[in-house]
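Before any comments, here is the structure.
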Amino acid sequence: MSEPLKPRIDFAEPLKEEPTSAFKAQQTFSEAESRTFAPAAIDERPE
């Protein structure tokens, strides 16, 4: 018989909680800033 693709998971110890990832703080824009804000440079594709 062939070997398994993944190793066996041992559930003998209690599950550990995964650390929560830190998110960046929320940012709000004034109306003037929202008109000039560009989230990323967009390369236009030729059609």
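Annotations for the structure displayed:
- Ellipticity at 222 nm from helices only: DSSP H runs of n ≥ 4 in the chain, each -39500 (n - 2.57), divided by the residue count, give -3000 deg cm²/dmol.
- Between Ala32 and Glu17, residue separation times 0.36 nm minus the direct Cα-Cα distance comes to 1.1 nm.
- Low-density loop cleavage sites - GluC sites (Glu not before Pro) in region 1-34, where at most 10 other Cβ are within 10 Å (DSSP): Glu17
- Dipole in debye (nearest 20) - the chain, about Cα centre, beta carbon charges: Lys, Arg +1; Asp, Glu -1: 100
- Working note: Cα gyration tensor of the chain, eigenvalues times five, square-rooted, sorted largest first, giving semi-axes of 48, 24, 5 Å.
Just so you know, all these numbers are worked out from the coordinates, no wet-lab data involved. Because the structure is predicted, anything quoted here is derived from the model rather than measured. Neighbour counts are summed over all protein chains in view; Cβ atoms, including those assigned to glycine, are modelled from backbone coordinates with ideal geometry.
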